[in-house]
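Notes for the one structure printed next.
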Amino acid sequence: MAKRKASSAKNKSKTLAYIAWSLALIAVIISSSVTGYYFGYSDAKEEITKKQSILHKKRVAMLERLEKTSKKSEKQSVNNRLKEVLNKEVKKKEELKNIPEYQVSAAHEYDDPTLDLPPKREIKHMLNKPKLAIIIDDMSLKSQVIAVENLKIPLTMSFMPPRTARPNSARLAATENFYMVHLPLEALSFTKEEPQTLHVDDSQEKISERIREIKRLFPKVRYINNHTGSKFTSNELAMNRLIFALKDNDIQFVDSRTTAQTEVSKVMKNFGLQYISRDVFLDHHMDKPYILGQIKEAIKVAKLHGTAIAIGHPHANTLLALSESKELLKQVDLVYINNLY
């Protein structure tokens, strides 16, 4: 009996031992599996992260290429639209040449080489960014307005008074938030004079009536500059009459400086008004390299004196040169003339 009990106990002990070893073996297997899974997962996760990083870099590079292509395409599109508008303008001008009353824009009346230089002014050490205002004279056609607006930079459009060949100039100006009027004044030697050009022997009554008419046609006008006018602006008495009429209508005069003998500065001082004048003509010569050089000159003058005024025209080469100079013009604060001072 005792032997049977001892044998039973021994068998139980062996069974427990087998169970313990089996459990230990199972634990080892499970542990190995878990460890293998963990390291396998970790490796897989690292591989996935690496692939995601590569994919992200590829996407970023693709987006950058697309953005560059888009910008290049946009720039080409703007230039193509500008050229298209300018071609229409040239065609329109060719058609208008057949109208006897139509006249090509007056050339600047350079009667002295010094006119190509800006007037002498105080040199300023600028704390703020210098300001440059660019006036585009002789605005009168819709195609010109569209071409200027397509540049997407602040250019001050100066509209010619309406006449038979350009009856819509005042209506075109009315669509703009800000504009100037390009007033024809008597020249020393210019054969194609504009209708209703003011002359040095015009009375105060006639000049005042003309300015009131301009105000009725262009109700938002605050600035006027002269079209031609070398004879008129060099006559102190005539300029006194004009400034009196302009002041009465709250309009400021900008001297286009078509003559070195201008008396405008003296007259403005007598009225207690600020003298504002052109510094640089952009397109006295209409080839693009010359215009690009004049844009640089205008920027140089602005940096030297704190402000500058340049005058150009809606010619194809002038507008294309301005379009190509957008990066260069970031050196100054390009503003409308009412924000110059």
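Any residue in segment 290-301 that is more than 20 Å from the chain's Cα centre (by Cα) and farther than 23 Å from Asp138 by Cβ? So far as segment 290-301 goes, no, none of its residues is more than 20 Å from the chain's Cα centre (by Cα) and farther than 23 Å from Asp138 by Cβ.
Checking the stated criteria, Glu209 turns out to be charged (D, E, K, R) and either within 18 Å of Arg163 (Cβ to Cβ) or part of a strand (DSSP E or B) (or both). Within segment 212-245, the residues that satisfy the criterion of being in a helix (DSSP H, G or I), of a type in the set (A, V, I, L, M) and crowded, with 19+ Cβ neighbours inside 10 Å are Ile214, Ala238, Met239, Leu242, Ile243, Ala245. Count of segment 263-282 residues, restricted to those that are in contact with a strand residue (DSSP E or B) (Cβ under 8 Å, 6 or more places away or on another chain) and either assigned to a helix (DSSP H, G or I) or at pLDDT below 95 (or both), is 3. Any chance segment 221-233 includes a residue that's within 16 Å of Lys269 (Cα to Cα) and at pLDDT 95 or above? Yes, there is a match, as at least one residue in segment 221-233 is within 16 Å of Lys269 (Cα to Cα) and at pLDDT 95 or above. In segment 328-341, the residues that are surrounded by fewer than 17 Cβ atoms within 10 Å (Cβ to Cβ) reach residues that are among the polar types (S, T, N, Q) and not in a helix (DSSP H, G or I) with C-beta atoms within less than 8 angstrom, at least six apart or across chains, in these pairs: Tyr341/Gln274; Tyr341/Thr307.
The values are calculated or read from the model by the stated rules, or taken from the named source; none is laboratory data. Source: prediction; values computed, not measured. Neighbour counts run over all protein chains shown; Cβ positions are idealised from the backbone, glycine included.
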